[in-house]
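Here's the structure, in structure tokens; my notes come after.
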Amino acid sequence: MTTSLESKLVLSRRRWRMLALALLVAAAPAVKAQDADRDPPTRAARVVDVIGDAWLFDHDSREWTRLTRNQTVGEGDRVRTDDRGRVSLRVGSTTVWVDERSDLELSQLDEGQTLLQLDRGDLALRLRSAENAAETRVRTREGSAQAEREGLYRVEQLDRGSKVYVFQGRLRFDWARAASPVVVGTGEQVELWWPDGPRAERGPLYSDGFGDWVLAENREEGDRPVARYVSPEMTGAEDLDRYGRWETAPDYGAVWIPTTVVAVDWAPYRYGHWAWSRLWGWTWVDDAPWGFAPFHYGRWVNWGGRWCWAPGAYVHRPVYAPALVGWVGGGSVSVGISIGGGRTPPPRYGWYPLAPREVFVPAYHHSPRYETRVNDPRDLRDPVTVQRPHRYRDVPTAVSVLPATGGAIQPMPVVRGPDRKAEPGWVRPLPVAPGRGELAGALPAVPVRPVGADVQRPRERERDAATGWRSDNQLPVRRDPPNRGAEVTRPGVPVVAPQVQQQPQQPVRPAVEQPQRGTPENWGAQREQQRRDEMLQREQAQRAAQQRDAQQREIERQQQQREAQQRDQLQRDAQQRDMQQRREAFQQQQQQQQREMPQRREEPRVQIPQPQAQMPQQRGNDGPQRGRQDGVPARQDKPREREARPNERQQER
């Protein structure tokens with residue numbers, strides 16, 4: 001009886017062990033997935049420029065905060081623009097332009113996927129590589145737009161549907177419902193909506209204010225070359241060559257030196273402000289026009305008496321970091337009144353740039369794999385590098401502090417004396433960055449969007465017709481004459497609607513104003529006046545477009561003439577230089593010959609002693625009668641023989 005009970009207990013224990021092992025094996029992928037979920041995105045978007053008022057939604061405070069240049073926008077963030085407001089974003093080598101009165105959400109922004117949710121308004125995309133085109137999508141209420149190759153595209157969310165424009169490239173629109181996709185090529189625009197099925201109205205490109213602005217920005221931005229030391233997918237790298245130069249440091253490799261720094265006490269992470277991000281915590285927003293890539297990638301070093309940025313090893317898609325700094329914090333805040341030469345209270349928080357081979361420790365949730373990617377793996381494996389104290393932590397000129405609540409950032413105060421060192425005990429190293437509530441108390445208040453900002457308010461400045469704001473109800477202008485022929489319905493393609501809508505139930509175009517209320521007799525006059533106004537606006541817009549085109553052609557012609565003149569001048573200069581070099585060479589040769597001639601005349605002649613003539617000895621008849629003793633005939637006999645030969649010839653004749 002006892003043996004049976006023991007066997008049952010043994011079997012139950014074995015089963016429990018096997019069950020526990022199975023649970024551990026099954027839970028391992030979930031643990032890995034959970035670690036990956038804790039990691040923040042490795043890519044981020046940069047605010048390149050802001051026109052007017054633009055806002056970023058704060059998920060914690062549920063308020064719209066003002067968007068500024070060089071600010072970071074990440075996955076899940078929402079961007080909104082007011083009337084006469086526009087925003088330019090940059091993600092790696094991709095540029096995104098957002099028009100006024102638009103709502104954009106970055107639903108996904110990480111490795112391998114970029115999804116932009118357009119709830120209202122208009123945006124344009126410049127995709128510079130096939131890799132970015134394959135992983136970038138724009139989603140609207142009707143479906144999603146996917147670029148099939150690099151190019152320049154535009155997507156608009158209307159009241160009744162969506163509209164896509166292709167300035168350059170090829171785009172595919174996939175419906176949200178089951179329907180065949182719509183393909184749009186270069187120079188086309190398609191309006192799509194779903195009343196009782198998929199509808200698509202295709203036509204040539206129209207030009208309006210936002211389209212002209214996008215084309216101008218695209219020409220100005222161009223394809224700026226990126227130095228070979230960094231990847232073009234590093235966000236903000238396109239501004240480095242414009243505002244600095246590259247040099248080679250013996251200990252750090254290639255370093256970038258800014259050439260537009262005007263402040264005497266300038267140091268990295270000093271001229272700018274801190275902004276809170278729900279993904280990365282406190283992120284640095286620099287004031288310099290180039291101030292994005294050097295403050296979120298690489299390290300800073302004071303080399304040769306100046307600050308230089310060392311990007312480190314080349315990585316195709318480097319991992320974004322909010323601010324590569326080390327933090328210091330004061331002891332306790334003194335309360336009381338100091339009289340006379342009392343010591344000022346220490347700053348609450350300060351920071352300094354990390355030097356090369358110093359490890360950055362994120363304050364937000366992350367996995368060990370993420371920490372390996374955001375740092376150089378060689379630095380993490382070196383115990384000396386990990387335990388080494390930071391180089392610039394005790395350098396007052398490198399440490400920036402917040403001396404008072406809402407005050408400006410300034411260098412670390414120093415003790416009076418020749419050493420000018422920070423007083424011991426003023427600062428102590430912090431392991432990670434402070435929390436939101438800890439640092440927010442020392443920062444100035446962040447501007448927020450008023451509650452009634454959605455209501456249209458009278459504008460203080462006049463409207464500029466040339467700017468082409470959508471809030472001015474400007475009508476689009478078509479560059480090329482429209483194709484008024486009916487389109488043929490293709491199999492597998494949504495039905496193409498006619499150009500003129502006869503059904504009164506269909507909503508009208510947003511650019512056409514609704515007739516005002518009144519008697520039916522007045523409606524006809526109002527419609528006629530409205531049509532006349534529209535025709536007049538179209539004619540004016542066409543004339544303005546023609547003038548712009550003529551001016552552009554004239555500018556191009558003048559540019560070509562200047563280039564041709566420059567080429568001719570260069571050729572003439574080269575020919576003149578060649579002739580001048582030849583003349584100089586000829587003159588030098590003549591001068592050399594003239595210097596050598598007198599030397600040849602003055603050289604003394606060397607007299608060769610002549611041998612004394614000896615009387616030939618009388619020999620037999622078998623030897624020569626005249627000549628030298630060795631039997632060689634004398635040279636003087638040859639002329640005589642030559643003189644005898646003509647006489648013999650004359651006698652023969």
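The values are calculated or read from the model by the stated rules, or taken from the named source; none is laboratory data. Keep in mind that this is a model prediction, so the values were computed, not measured. Ideal geometry is used to build each Cβ from the backbone, glycine not excepted, and the neighbour counts take in all protein chains shown. To get the accessible areas, we keep the full protein, side chains included, count just its heavy atoms, and leave off ligands, DNA and RNA. Shrake-Rupley method; radii C 1.70, N 1.55, O 1.52, S 1.80 Å.
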Within the range 160-169, residues being within 15 Å of R137 (Cβ to Cβ) and either open to solvent by 50 Å² or more (accessible area, probe 1.4 Å) or in a loop (DSSP other than H, G, I, E, B) (or both) number 1
Check: Given the structure, is W266 open to solvent by less than 70 Å² (accessible area, probe 1.4 Å), within 30 Å of P396 (Cβ to Cβ) and modelled with pLDDT of 95 or more?
Finding: no
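Hey, could you check the range 182-191 for residues that are assigned to a loop (DSSP other than H, G, I, E, B) and open to solvent by less than 60 Å² (accessible area, probe 1.4 Å) and say which is farthest from R141 (Cα to Cα)?
G187
How do the strands (runs of 3 or more DSSP E) wholly within the range 256-308 filter down when requiring 1 or more residues that are more than 30 Å from H366 (Cβ to Cβ) and touching a Phe, Trp or Tyr at 6+ places or on another chain (Cβ under 8 Å): which remain?
Filter on the range 256-308 gives 299-303.
State all residues of the range 99-124 that are in a loop (DSSP other than H, G, I, E, B) and touching a residue at least 60 places away in the same chain (Cβ under 8 Å); if no residue qualifies, say none.
Within the range 99-124, D99, E100, R101, E111 qualify.
In the range 310-322, what count of residues is obtained for those that are touching a residue at least 60 places away in the same chain (Cβ under 8 Å) and either buried (at least 21 other Cβ atoms within 10 Å of the Cβ) or assigned to a strand (DSSP E or B) (or both)? Working first, answer last.
Filtering the range 310-322 down to residues touching a residue at least 60 places away in the same chain (Cβ under 8 Å) leaves 310-320, 322.
With either buried (at least 21 other Cβ atoms within 10 Å of the Cβ) or assigned to a strand (DSSP E or B) (or both) added as a condition, the list becomes 310-311, 318, 320, 322.
Summing the residues that are touching a residue at least 60 places away in the same chain (Cβ under 8 Å) and either buried (at least 21 other Cβ atoms within 10 Å of the Cβ) or assigned to a strand (DSSP E or B) (or both) in the range 310-322 gives 5.
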Next on the checklist: Looking at the structure I just gave you, is Q146 in contact with an Asp or Glu (Cβ under 7 Å, 6 or more places away or on another chain), open to solvent by less than 30 Å² (accessible area, probe 1.4 Å), in contact (Cβ under 8 Å) with a residue 24 or more places away in the chain and not aliphatic (A, V, I, L, M)?
Outcome noted: yes
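So, of the residues in the range 226-278 that are aromatic (F, W, Y) and out of contact with any Cys (no Cβ under 8 Å at 6 or more places or on another chain), which turns out to be nearest to G304 (Cα to Cα)? If you could, list the steps in order and put the result at the bottom.
Going residue by residue through the range 226-278, those that are aromatic (F, W, Y) are 229, 243, 246, 252, 256, 266, 269, 271, 274, 276.
Those left that are additionally out of contact with any Cys (no Cβ under 8 Å at 6 or more places or on another chain): 229, 243, 246, 266, 269, 271, 274, 276.
Working: Y229: 20, Y243: 19, W246: 14, W266: 15, Y269: 20, Y271: 22, W274: 29, W276: 34 Å.
Taking the candidates together, the pick is W246.
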For R62, the lone unmet condition from (1) open to solvent by less than 10 Å² (accessible area, probe 1.4 Å); (2) at pLDDT below 95 is (1)
Among (1) in contact with a Gly (Cβ under 8 Å, 6 or more places away or on another chain); (2) of a type in the set (S, T, Y); (3) surrounded by fewer than 17 Cβ atoms within 10 Å (Cβ to Cβ), Y206 falls short only on (1)
Only unsatisfied item for S88, checking (1) in contact with an Asp or Glu (Cβ under 9 Å, 6 or more places away or on another chain); (2) open to solvent by 20 Å² or more (accessible area, probe 1.4 Å); (3) of a type outside the set (A, V, I, L, M), is (2)
Exercise for review: Determine, yes or no, whether D286 is under 23 Å from Y349 (Cβ atoms) and either of a type in the set (F, W, Y) or at pLDDT 95 or above (or both).
Suggested key: yes
- Query: Restricting attention to the range 29-40, does a residue exist that is modelled with pLDDT under 95 and either under 26 Å from G151 (Cβ atoms) or outside any helix (DSSP H, G or I) (or both)?
  - Reply: yes
- Task: Go through the residues of the range 227-235 one by one and say whether even a single one is more than 30 Å from G407 (Cα to Cα), of a type in the set (D, E, K, R) and at pLDDT below 90.
- Result: yes
Of L56, L106, the only residue that is of a type outside the set (D, E, K, R) and either open to solvent by less than 10 Å² (accessible area, probe 1.4 Å) or within 16 Å of T136 (Cα to Cα) (or both) is L106
In the range 74-85, anything open to solvent by less than 20 Å² (accessible area, probe 1.4 Å), without any contact (Cβ under 8 Å) to a residue 40 or more places away in the chain and in a strand (DSSP E or B) is listed as V79
Query raised in the report: Is at least one residue of the range 116-133 of a type in the set (G, A, S), touching a strand residue (DSSP E or B) at 6+ places or on another chain (Cβ under 9 Å) and open to solvent by 10 Å² or more (accessible area, probe 1.4 Å)?
Result: yes
Note: among R228, R172, R199, just one is in contact with a strand residue (DSSP E or B) (Cβ under 9 Å, 6 or more places away or on another chain), under 30 Å from W300 (Cβ atoms) and open to solvent by 30 Å² or more (accessible area, probe 1.4 Å), namely R228
